[in-house]
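Have a look at the structure below, then the notes.
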Amino acid sequence: MTVEFILFTQLTAIDLRLTSDILKLDWPYVEERIERFIKDYVRRSGAFGVVLGLSGGVDSSTAAALSSIAIGGDKVLGLILPEGETYDPADVQNAKLVADRFGFRAEVIDITPVLNAFYKALPIFDSSDKISKGNVKVRTRAACIYYYANKLNMIVCGSSDKSEVMLGYFTKWGDIAADIAPLMDLYKTQVRQLALHIGVPPEVALRPSTPALWPGQTAKEELGLDYDVLDLILYGLERFMRVDEIAEQLGLSVEVVESVKRRWLTREHKRRMPLTVKLEYRTIGADFRLPYTLP
Amino acid sequence: MRGINVALAQIDCEVGDKESNVEKMKAIVKEATKRGAQLVIFPELSTTGYVIRDLVYELAELVPGPSTSLMEEEAKGCRAYVIFGIPERSERVEGVIYNTAVLLGPDGYIGKYRKLYLPTHGVFEEKRYFRPGGDVSVFDTPLGRLGLMICYDIFFPEVSRLMRLRGAQLIVCISASPAGRREFFEVLTAARAIENNAFLAYVNLVGIEDGLEFWGGSRLINPIGGLVVKAKYDEEDLLIGQVDYADLERASIAVPTVRDLRADLLRRLSEASEVL
């Protein structure tokens, strides 16, 4: 009789050499765990299935594909929600390609008329303010997705990844809005690896990321670094490494790593319930501690 | 008694729903004893599920108390020994709760063990809710001398050591261990058996609670660290393994880890751990 010993996973890794190897996980195991999580949550919630926004990018494609494998394509609905200003036929094509490959339904809804009505209704609307305008697009998509969720008794499966959420690189109450976020403990480059593992086409899995708030926007340009580097910085911060250690290992200046750390820490307000004043016995977001769901 | 049949009842609990969890456990006691089990072991906090957080204040109950009584009926009816986990309310002081393992037998309630080491790091927040117990527990039963521990206790060799020195032949560790901790338990369960020349039964939860995926993998380990039986990962399972106490002597002749124990070092250990 022998005892089986298995290799220690990254979860408990303490030997920190910041190379891309450190972000490799046991992808079949990760896939299995995420699929079990989606299946279990859908079953316990009593929902018919999941609805997701599909951008044609790696995160939403991977979340949708995993959902489809987990609960069956007939219970997954992908909403492709293009709008005139950032419309790229390749995005729609990629989203449809993923839907076909993983056997779930996808619908295209042009949200341009909604956005135009929205802009027109706001007396202070300023088209040159790209961020404020872009956030309207993202929140409009969230509203559409939740309409389908309510109407069809589905839960909303988010596709935020750990890199974006740690950096606060998302729209508050926009693309982050979801009931579950099965990819949120994986960095962007890890999502890409998982995507390739499950068979998301490489042109989707490796396509450069964009939040598509305005035409031509890219994550790299805005964040100043590739996710290959950002993810290693974030990985080091997650494991309590000092800024100077990270900078030295990655051959970066301390200022660059410090700015990523600062970005992470100053965006906590985007990751929590709104802050309130502690007035009473138990306070929402402060000391109410309850299970996420109950049977 | 020479050989006993031990059932590892690896279950998925409904969070906060004592009624359904107790019903499920009763049915499993029935099934396990039908299959020949004499001792049926359930995971940590099996009456309530693990991630109950503030609900613990309404779910905790006296031991013996209502849930214990329901389980006692089944133990009596099936002539079985049963171990399960429960949040226990102190009978003396309001607001004091323990993370407790209960032992029942064919004649009803036998005793309980209160978890000594309460993990409060990472995703664990047990010290926020529970008071630690004060001592290890070993029960002399017709099925042998049983030592009870709970989950994180296994990281501390003194717990099983003290049980063994008080005579425990079968160390029972009930657990709610989420994925990511599996490697630790797979090593430590074997280590605790080997270093104490004792059998060890480890019973873990399965299912997902608040994103924590409990990995199962319950097992019965012999006194040289070998697997007697091992349950599935991640799914409910009910396995019966045999403990033959005759192996204890053979193991302790082969690797006499208890005979060779140095009390002088333990005294020094105690002194050295006073201040860190």
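The values are calculated or read from the model by the stated rules, or taken from the named source; none is laboratory data. All values derive from a computational prediction rather than experimental measurement. Cβ coordinates were reconstructed from backbone atoms using ideal geometry, including for glycine residues, and neighbour counts include every protein chain displayed.
Taken as a whole, the condition of being buried (at least 20 other Cβ atoms within 10 Å of the Cβ), among the aliphatic types (A, V, I, L, M) and part of a strand (DSSP E or B) applies to B:Ile83.
Does B:Gly167 count as within 13 Å of chain A (Cβ to nearest Cβ), assigned to a loop (DSSP other than H, G, I, E, B) and touching a residue at least 12 places away in the same chain (Cβ under 8 Å)?
no
Of all the criteria given as (1) under 14 Å from B:Thr68 (Cα atoms); (2) in a strand (DSSP E or B), the one not satisfied by B:Met25 is (2). Taken residue by residue, region B:150-160 has at least one member that is of a type in the set (Asp, Glu) and either within 14 Å of another protein chain (Cβ to nearest Cβ) or closer than 21 Å to B:Ile41 by Cα (or both). Within region A:204-252, the residues that satisfy the criterion of being of a type in the set (Gly, Ala, Ser), over 15 Å from the mean Cα position of the chain (by Cα) and assigned to a loop (DSSP other than H, G, I, E, B) are A:Gly216, A:Gly224, A:Gly251.
Filtering region B:230-264 to residues that are of a type in the set (Lys, Arg) and within 11 Å of chain A (Cβ to nearest Cβ) leaves only B:Lys230.
If we keep just the residues of region A:1-56 that are among the polar types (S, T, N, Q), surrounded by fewer than 14 Cβ atoms within 10 Å (Cβ to Cβ) and at pLDDT 80 or above, which is nearest to the chain's Cα centre (by Cα)? The qualifying residue nearest to the chain's Cα centre (by Cα) is A:Ser20.
The set of residues in region B:23-41 being within 14 Å of chain A (Cβ to nearest Cβ) and in contact with a Leu (Cβ under 9 Å, 6 or more places away or on another chain) consists of B:Glu23 alone. Looking across region B:171-229, the residues that are part of a helix (DSSP H, G or I), within 9 Å of another protein chain (Cβ to nearest Cβ) and closer than 30 Å to A:Pro182 by Cα come down to B:Arg182, B:Glu183, B:Phe184, B:Glu186, B:Val187. The single residue among B:Gly65, B:Gly49 that is of a type outside the set (Val, Ile, Thr) and either within 27 Å of B:Gly211 (Cα to Cα) or within 17 Å of the chain's Cα centre (by Cα) (or both) turns out to be B:Gly49.
Inside region B:26-50, residues that are surrounded by fewer than 24 Cβ atoms within 10 Å (Cβ to Cβ) and of a type in the set (A, V, I, L, M, F, W, C) make up a count of 2. Please indicate, with yes or no, whether at least one residue in region B:185-192 is surrounded by fewer than 24 Cβ atoms within 10 Å (Cβ to Cβ), aromatic (Phe, Trp, Tyr) and over 15 Å from the mean Cα position of the chain (by Cα). So far as region B:185-192 goes, no, none of its residues is surrounded by fewer than 24 Cβ atoms within 10 Å (Cβ to Cβ), aromatic (Phe, Trp, Tyr) and over 15 Å from the mean Cα position of the chain (by Cα). State all residues of region A:258-283 that are aliphatic (A, V, I, L, M) and either within 12 Å of another protein chain (Cβ to nearest Cβ) or touching a Lys or Arg at 6+ places or on another chain (Cβ under 6 Å) (or both); if no residue qualifies, say none. Of everything in region A:258-283, nothing turns out to be aliphatic (A, V, I, L, M) and either within 12 Å of another protein chain (Cβ to nearest Cβ) or touching a Lys or Arg at 6+ places or on another chain (Cβ under 6 Å) (or both).
Taking region B:228-270 as the range and being within 16 Å of B:Leu200 (Cβ to Cβ) and among the basic types (Lys, Arg) as the test, only B:Lys230 passes.
Screening B:Leu39 against (1) of a type outside the set (Gly, Ala, Ser); (2) touching a residue at least 60 places away in the same chain (Cβ under 8 Å); (3) more than 23 Å from B:Gly108 (Cα to Cα) leaves a single unmet condition, (3).
Quick check on my filter: what residues within region A:226-247 are within 11 Å of A:Lys261 (Cβ to Cβ) and hydrophobic (A, V, I, L, M, F, W, C)? Across region A:226-247, the qualifying residues are A:Ile233, A:Leu234, A:Leu237, A:Met241, A:Val243, A:Ile246, A:Ala247. Annotation note: of B:Val6, B:Val56, B:Val63, B:Val15, the sole residue that is buried (at least 20 other Cβ atoms within 10 Å of the Cβ), within 14 Å of chain A (Cβ to nearest Cβ) and out of contact with any helix residue (DSSP H, G or I) (no Cβ under 6 Å at 6 or more places or on another chain) is B:Val15.
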